[in-house]
Amino acid sequence: MSWSLPILNRDGAARWTFGFAFFILVYRLLTHSLVHQMQQPVLYETDFDYTYWLYHFTGVPRLLADNKVVAWIFDSSLLCLTLYCWTTAGRHRWAVLCCAIGWTLYGLTYNSYSHHHNVSIIGVMVLPYAFLVRKERKFRLMWEGVRYFYLYIFADAFVHKALLTHSLFFLPNGAEFIKTNQALFMVQHPDSLFTGLYAWVITHPLVAYLGFLTMILLQGCMIIGFFTKRCDRWLFWIPILFHTVNILFIDVFFYELLILNLTLLPLSREKEASPAADETLEDLPVGIADP
Amino acid sequence: MSSLRSYIQRLYLVRCWQEYKLLFFLAIIFIGAVLYGHKSSCEITPALVPGMYAGMEQRTEDDFLVITADNALLDLHHTVDEPRRMMIYSTLSAFYQGVAAGEDPKAPAIRELVRKHPFMKPLSMHAVNAGEDYGRYLPWLLQYIRHSVDKDIRRLGVYQLHVHYDKQNLPVADYRKILYELESPHTK
């Protein structure tokens, strides 16, 4: 019995991308974090990130967030454009551009006014731009480029922890992460099942460290994707597992970043645009080289 | 030799150069931003956001900011409610640090940066919060929480909860200190 991931063509990739973006928008609506729900925030955070310095220099965040009417128009437009791109499979460049810019502005605005530069929103800020490219060959290069960007996110985190800061080899780290991220929850919910689970893991630091080590090594496994696409069917599941464990133990919600997981799905052969194509381009070379 | 040539031809950047030069230059700019970010330890969205990376620290105690709404603990959904919790607790933490410092905590470092690189001055003017904005924060917090939990909250309390970690490394609450109280429409 064999299994395989779904094979996408350009239209399929667009529908999945903008469909995922729609769900992100719904999630943000339910968690009161769309621009019109921010209630005209007053403080913002640029940190030492020049992207945000430039963004605030333009005055756009204030324009969007300070005025209720403008905020409503922005959020409504983002919803309509996302749905339009989903229904038209990203075929209209003007809509794709507006949608992509909208998501970029939303991501920068939310990250500024929430005082936390979340990586999770970066996926939807970047991926829609891939559909600005019309020609099939160029689109595939762009899609492949976003795939490398996604692999880089994990690879860079692994390199940072293993080679630059050596935090991978700091034995208390597993228990420390759970302890500091869950301390408030544990104190406020002493009878919760999760509190019991966290307490057990914290009091067994070797178990916590092995869990931490496993997660970081899984991040490191994504480096394989730079050399071959043949393992994408396995690499596809690593971010899902990684973010699920993070939700359970580290109190961070990164599922929105899984929109970039779509780039690990195989694309159908170049000449066949129909969904009936059942062969993939796994044999073609990848970033460094495909053996 | 031909296999080496074939190998090089298959490299992604080489294919970009041959077929899509704009993407090639974007990739080069991105790689440059990554290298610069690592060298300078500066974030450059989306090239590098190292603030999420693991550190090496063993804490023996912690302080958390806790909010009560009409004398009941403001208890949002664990983890899945992250965007809303960030809007409340992350901003509150930044406010608290700003009030303690008397200005945006980044301001001294930015002034030093501008002193060394005067060309950064126009860009840096919008990198920090103005002092008067801190005075408007707490009323905004009350309004945001009211709308986000859909309750007509009359009284908001902000406390500092001190926690220490016992011999088993488990958190134990020590004390709770009142920091701010807001009563609509006044703030104390």
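The values are calculated or read from the model by the stated rules, or taken from the named source; none is laboratory data. What you see is a predicted model; the values in this text were computed from it and never measured. Cβ sites come from the backbone with ideal geometry, for glycine too, and all protein chains shown count toward neighbours. Heads up: the accessible areas ignore ligands, DNA and RNA and are worked out on the full protein's heavy atoms, side chains in. Shrake-Rupley method; radii C 1.70, N 1.55, O 1.52, S 1.80 Å.
Quick notes
- Scope the stretch B:60-79; condition on the phi < 0 side of the Ramachandran plot and open to solvent by 70 Å² or more (accessible area, probe 1.4 Å); matching residues: B:T60, B:E61, B:D63, B:L73, B:D75, B:H77
- Elements of type helices (runs of 4 or more DSSP H) contained in the stretch A:1-74, each with 1 or more residues being open to solvent by 10 Å² or more (accessible area, probe 1.4 Å) and among the basic types (K, R): A:10-30, A:60-65
- Listed by first and then second residue, the pairs with beta-carbon distance under 8 Å, at least 6 apart or on different chains, first residue in the stretch B:21-36 and within 15 Å of A:R147 (Cα to Cα), second of a type in the set (K, R) and part of a helix (DSSP H, G or I), are B:L23/A:K138.
- Filtered residues of the stretch A:31-58 (kept if closer than 11 Å to B:L123 by Cα, among the β-branched types (V, I, T) and more than 22 Å from the chain's Cα centre (by Cα)): A:T58
- If only residues of the stretch A:80-136 that are outside any helix (DSSP H, G or I) and over 17 Å from A:D47 (Cβ atoms) are counted, the one that is farthest from the other protein chains (Cβ to nearest Cβ) is A:T88.
- Evaluated against (1) free of Cβ contacts under 8 Å to residues at least 60 places away in the same chain; (2) facing another protein chain (nearest Cβ under 8 Å); (3) over 30 Å from A:R147 (Cβ atoms), A:F185 falls short on exactly one condition, (1).
- Scanning the stretch B:1-20 for residues that are surrounded by 14 or more Cβ atoms within 10 Å (Cβ to Cβ) and more than 16 Å from A:R147 (Cα to Cα) yields B:Y7, B:R10, B:V14, B:W17, B:E19, B:Y20.
- For the stretch A:191-200, the count of residues that are at pLDDT below 90, aromatic (F, W, Y) and out of contact with any helix residue (DSSP H, G or I) (no Cβ under 6 Å at 6 or more places or on another chain) is zero.
- For the stretch A:13-38, a residue qualifies if it is away from chain B (no Cβ under 12 Å) and either hydroxyl-bearing (S, T, Y) or in contact with a strand residue (DSSP E or B) (Cβ under 8 Å, 6 or more places away or on another chain) (or both), and the qualifying residues are A:A13, A:W16, A:T17.
- Annotation note: Cβ proximity below 6 Å between a residue of the stretch A:85-105 that is closer than 16 Å to A:V126 by Cα and a residue that is open to solvent by less than 70 Å² (accessible area, probe 1.4 Å) and among the polar types (S, T, N, Q) (sequence gap 6+ or interchain) occurs for A:C99/A:T82.
- Residue check for B:Y180: over 27 Å from A:Q40 (Cβ atoms), in contact with a strand residue (DSSP E or B) (Cβ under 9 Å, 6 or more places away or on another chain) and more than 11 Å from chain A (Cβ to nearest Cβ): no
- Hits in the stretch A:78-108 - residues which are closer than 13 Å to B:T45 by Cα and either open to solvent by less than 10 Å² (accessible area, probe 1.4 Å) or more than 20 Å from the chain's Cα centre (by Cα) (or both): A:G107
- Filter pass, A:L141 being part of a helix (DSSP H, G or I) and more than 7 Å from every other protein chain (Cβ to nearest Cβ): no
- Residues in the stretch B:60-76 that are within 9 Å of another protein chain (Cβ to nearest Cβ) and more than 21 Å from B:Q143 (Cβ to Cβ): B:D62, B:F64.
- Condition met for A:L262 (touching a strand residue (DSSP E or B) at 6+ places or on another chain (Cβ under 9 Å), at pLDDT 90 or above and either within 30 Å of A:H117 (Cα to Cα) or surrounded by fewer than 16 Cβ atoms within 10 Å (Cβ to Cβ) (or both)): yes
- Per-region count, the stretch A:235-268, residues touching a Pro at 6+ places or on another chain (Cβ under 8 Å) and more than 13 Å from every other protein chain (Cβ to nearest Cβ): 4
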